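The values are calculated or read from the model by the stated rules, or taken from the named source; none is laboratory data. These figures come from a predicted structure and were not determined experimentally. As a convention, Cβ positions derive from the backbone with ideal geometry for all residues, glycine included, and neighbour counts pool all protein chains shown. In case anyone asks, the SASA skips ligands and DNA or RNA and just uses the protein heavy atoms, side chains included. Shrake-Rupley method; radii C 1.70, N 1.55, O 1.52, S 1.80 Å.
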Amino acid sequence: WAQSRRSRTCVGSPHGAILGLVPGLTGASAVVIAFNDAINRRDLNRLTALMTESHRFVDSDGGSVAGRDACQQAWQGFFESFPDYRNIFDELTEVDEGVVVATGRSECSVDALDGPARWRAVVIGDQVDLWQVSEPTAEPT
């Protein structure tokens, strides 16, 4: 972990990040890692528990799903359609209080879902309110 006054960054060891095994990690970054771990494990119950009631998912094309129940249904369909999908974080940065940006890659047998990616999460308490995926060169809004 490298720290500055404005951000906290975790670089490298994507396996630790996937498993949520970064010692001493707390706050928004820990919530984001737990959320991503639930995606990678296709653990719909854990994923849903980590969503706020107003949770919103925004994909790299700008499409969105709003509300915990709608997002739960969307993830269920996604897991059924793409059972080998997973995210690997190479870098995780807390850019502001409750706002975490991760860069890395998604792995999937479907080419459109395989490759470099950037995620932006807004965390409220111990839940994710926004999960936004974008191309790594794009600035999520």
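Overview of values
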| item | result |
| --- | --- |
| Dipole of segment 37-118, positive direction: furthest Cα of Asn87, Asn40, Gly115, with charges on the beta-carbon | Asn40 |
| Largest-first ordering by accessible area, 1.4 Å probe, given options Val31, Val95 | Val95, Val31 |
